[in-house]
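**Q** Next up is a structure, given as structure tokens.
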Amino acid sequence: GYGAAGGNPRVIYFDFDDSSIRSEYDSVLRTHAQNLISSGGRITIQGHTDERGTREYNMALGEERAHVVSRYLVNQGVSASQISSVSYGEEQPESYEHNESAWARNRRAVLDY
């Protein structure tokens, strides 16, 4: 199972202007790691941000979020060669509204198989 985080087990959400993984996602990411180790498959980690901040800043923040998730998986034993990462910054929002709940949904990393 994917633990208590609920929602989409392939999406990790972040706090504002932050790239640290919240403890609620530990079990989700450990499950992804085990699946990748046993399957030998490949995954792309997409980093996303909300619309606040400059485009350049958000590209860098999205990249950092993707790298943090990648490092977590590697620390669990996944081979780095199985993982690629890409930043979309603010370009692919989950929600197009301009409010805190929309921004919270847009601050995310997506694990794409």
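**Q** Can you work out which of the residues in segment 72-84 that are farther than 20 Å from residue 8 by Cβ and assigned to a helix (DSSP H, G or I) is farthest from the chain's Cα centre (by Cα)?
**A** It comes out as 81.
**Q** Now for a separate question. Within the bounds of segment 37-57, is there any residue that is at pLDDT 95 or above, within 16 Å of residue 9 (Cα to Cα) and not in a strand (DSSP E or B)?
**A** Looking for residues that are at pLDDT 95 or above, within 16 Å of residue 9 (Cα to Cα) and not in a strand (DSSP E or B), one finds none in segment 37-57, hence no.
**Q** State which residue pairs qualify: first residue without any contact (Cβ under 8 Å) to a residue 60 or more places away in the chain and inside segment 34-51, second residue outside any helix (DSSP H, G or I) and surrounded by fewer than 15 Cβ atoms within 10 Å (Cβ to Cβ) in any location, beta carbons under 7 Å apart, and separation of 6 or more residues or different chains.
**A** 37/77
**Q** What are the residues in segment 37-61 that are under 19 Å from residue 95 (Cβ atoms) and open to solvent by 60 Å² or more (accessible area, probe 1.4 Å), if any? Even if it seems obvious, please write down each step before you answer.
**A** Applying the first criterion (under 19 Å from residue 95 (Cβ atoms)) to segment 37-61 yields 46-53, 55, 58, 61.
If the condition is that a residue be under 19 Å from residue 95 (Cβ atoms) and open to solvent by 60 Å² or more (accessible area, probe 1.4 Å), then 51, 52, 55 are the ones that fit.
**Q** Mind checking whether some residue in segment 58-71 is among the polar types (S, T, N, Q), assigned to a helix (DSSP H, G or I) and modelled with pLDDT of 95 or more?
**A** Here is the first cut: in segment 58-71, the residues among the polar types (S, T, N, Q) are 58, 70.
If we keep only those that are assigned to a helix (DSSP H, G or I) as well, we get 58, 70.
Keeping just the survivors that are modelled with pLDDT of 95 or more gives 58, 70.
Looking for residues that are among the polar types (S, T, N, Q), assigned to a helix (DSSP H, G or I) and modelled with pLDDT of 95 or more, one finds at least one in segment 58-71, hence yes.
**Q** Continuing with this model, one more query. In segment 83-98, how many are of a type in the set (Ser, Thr, Tyr), open to solvent by 30 Å² or more (accessible area, probe 1.4 Å) and under 18 Å from residue 68 (Cα atoms)? Full working, then the answer.
**A** Taking segment 83-98 first, the residues of a type in the set (Ser, Thr, Tyr) are 84-85, 87-88, 95-96.
When the remaining residues are screened for being open to solvent by 30 Å² or more (accessible area, probe 1.4 Å), the result is 84-85, 88, 96.
From what is left, the residues that are under 18 Å from residue 68 (Cα atoms) are 84-85, 88.
Of the residues in segment 83-98, 3 are of a type in the set (Ser, Thr, Tyr), open to solvent by 30 Å² or more (accessible area, probe 1.4 Å) and under 18 Å from residue 68 (Cα atoms).
**Q** Something else now. Could you go through segment 20-36 and let me know if any residue there is open to solvent by 20 Å² or more (accessible area, probe 1.4 Å) and either in contact with a His (Cβ under 9 Å, 6 or more places away or on another chain) or acidic (Asp, Glu) (or both).
**A** Within segment 20-36, the first condition is being open to solvent by 20 Å² or more (accessible area, probe 1.4 Å), and the residues that meet it are 20-24, 26-27, 30-31, 34-35.
Now drop any that are not either in contact with a His (Cβ under 9 Å, 6 or more places away or on another chain) or acidic (Asp, Glu) (or both), which leaves 24, 26.
Yes, some residue in segment 20-36 is open to solvent by 20 Å² or more (accessible area, probe 1.4 Å) and either in contact with a His (Cβ under 9 Å, 6 or more places away or on another chain) or acidic (Asp, Glu) (or both).
**Q** So residue 87 clears everything in (1) touching a residue at least 24 places away in the same chain (Cβ under 8 Å); (2) more than 13 Å from the chain's Cα centre (by Cα) except one condition, right? Which one?
**A** All conditions pass for residue 87, except number (2).
**Q** Something else now. Can you name the number of the only condition in (1) closer than 22 Å to residue 82 by Cα; (2) in contact with a His (Cβ under 8 Å, 6 or more places away or on another chain); (3) not hydrophobic (A, V, I, L, M, F, W, C) that residue 51 fails?
**A** (1)
**Q** If you don't mind, there's one more thing I want to ask. Under the condition of being within 14 Å of the chain's Cα centre (by Cα) and of a type in the set (Val, Ile, Thr), which residue from segment 4-63 is farthest from residue 103 (Cα to Cα)?
**A** 43
**Q** Now for a different question. With respect to residue 101, determine if the residue is under 13 Å from the mean Cα position of the chain (by Cα) and either open to solvent by less than 70 Å² (accessible area, probe 1.4 Å) or free of Cβ contacts under 8 Å to residues at least 24 places away in the same chain (or both). Step through it out loud before you land on a result.
**A** Working: under 13 Å from the mean Cα position of the chain (by Cα): no; either open to solvent by less than 70 Å² (accessible area, probe 1.4 Å) or free of Cβ contacts under 8 Å to residues at least 24 places away in the same chain (or both): yes.
No; evaluated as a whole, the condition is false for this residue.
The values are calculated or read from the model by the stated rules, or taken from the named source; none is laboratory data. Since the structure is predicted, the reported quantities are computational estimates derived from the model, not experimental observations. When we count neighbours, we look across all protein chains shown, and the Cβ atoms used for this are built from the backbone with ideal geometry, even at glycine. We work out accessible area using only protein heavy atoms, side chains counted, and drop any ligands, DNA or RNA first. Shrake-Rupley method; radii C 1.70, N 1.55, O 1.52, S 1.80 Å.
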